[in-house]
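The numbers here are math on the coordinates, done by the rules we state, and not lab data. Remember, it's a predicted structure, so these values are computed and weren't measured experimentally. Neighbour counts are summed over all protein chains in view; Cβ atoms, including those assigned to glycine, are modelled from backbone coordinates with ideal geometry.
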Amino acid sequence: MDYDIVIVGAGPAGLSFARSLADSGLNIALIEKQPEAQLAAPEFDGRDIALTHLSVRILKELGIWARFKASDRPAIKEARVLDGKSPYSLNFDVKKEPLEELGYLVSNHVIRKALFDEIRTIDNISMLFDLAVTALATDNRMASTTLSDGRVLKSRLVIAADSRFSALRRMAGISASMHDFGRVCIVCRMEHQRRHNSVAFECFDYGRTLAVLPLSGHQSSIVLTAPMDQRDAFMNMDSDEFGRDIRQRFNSRYGEMTLTTRRFAYPLVGVHATTFYARRFALVGDAAVGMHPVTAHGYNLGLSGANILATEITKAVAEERDIGASALLERYSRKHMRTTKPMYHGTNEIVKFFTDDRLPARLARKVALRLANNVPPLKNAIRRKLTQTAEVGGLVPSFSGSK
């Protein structure tokens, strides 16, 4: 074998998975289409990721959390959900919890750089840049991965971490359900007059949604979701007009709001694979499940799944078992599927519920927010998902940057 494991895709999911096996003694290759310079110095892409406590714990174990500057991981201490123009909000905080924050907000490019810098220090991980995979073949003994330069890599296991539109997933013959929401997510950063006090807002306005997430200082991450046919109108607004538009949608809570970065537009398409494994092959990150950003499950879910698979592989190495055995991969798929499937469909239903602008749905939303706010067992259950101290989940709005 050329390698024990070949990982395709060096986004946050692929890099995290590779790092989790750094002490396994396995020989690992990481294949990426982008040139090395882009991975070494990734550019800001507008996506800020809400990390839960479980994700933070995993990143600390991987040695990644220590690479973030304090200003690069501002805390979220409170979250509020608003419906339409109503001043009433569903509130979550940590006042009755043994926690200091609900979670943290870290930019996608900051996570990518920290992971890449860590990977470069690890001897048993080789990175191959500027290369795509053109063919995949597996049998009971090994997997063969053909690269765009003609090379064929032999390995015991291939991992696809190549986005929610994974080419490797198709090569392996794994189908996926896709949901095109017909909407676009426009993300950027803005500076504002008033302090945000570490509060995250999700505003379900009629026809559009707006998330305003606290960054360091007087800055917030803006996530505007609108019908796809309004994309160009928002992207082509001049900076002053865009600032006024966001201020108005946010009911002037923070006073004047000024655009400080480019705007980035991402079409919203949810994806869930029917299974997360095939013969000597497995999916991680968005290649397994790509979520709508409204519930911030994206990278948290990808990180948790990668951790499950890495744990199974590490146990197999310790017990001198085959790391590409179907029984091992099926066990990972089953465990990860148990969490992702209800989350994926549940999130899609939440999106459907909160973007239905018909009068009955509007009235139902107001009832739902008040019910969640005033029934302690229900609110506590949601808060546990939000803080995610021991399980996968989250309700802080963000745009997942998991690849």
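Computed over the alpha-carbon atoms, the chain gives an Rg to Rh ratio of 0.98, Rh here being the Kirkwood radius from the mean inverse distance.
Pairwise Cα distances in the range 209-270 exceed 19 Å for 29 percent of all pairs.
Fully extending the segment from Ala327 to Lys352 would add 5.3 nm, taking 0.36 nm per residue of separation and subtracting the current Cα-Cα distance.
Between Asp23, Asp45, Asp117, find the one with the highest GNM mean-square fluctuation for the chain; connect C-alpha pairs within less than 10 Å. It is Asp23.
Straight-line cross-link reach from Lys113 at under 20 Å between alpha-carbon atoms covers these aspartates and glutamates, not counting any fewer than eight positions away in the same chain: Glu32, Glu36, Glu43, Asp45, Asp48, Glu61, Asp72, Asp123, Asp130, Asp162, Asp286.
Bridgeable aspartates and glutamates around Lys352 (alpha carbons under 16 Å apart, same-chain partners fewer than 8 residues away excluded): Asp83, Asp180, Glu202, Asp205.
For the chain, the relative contact order is 23 percent, taking Cα pairs closer than 8 Å that sit 6 or more residues apart in sequence and dividing their mean separation by the residue count. Once the dipole of the range 1-66 is set up with Lys and Arg at +1 and Asp and Glu at -1 on Cβ about the Cα centre, which of Ser16, Ala37, Val56 lies farthest towards its positive end? Value computed over the given set: Val56. The angle separating the long axis of helix 239-249 from the principal Cα axis of greatest extent in the chain is about 70 degrees.
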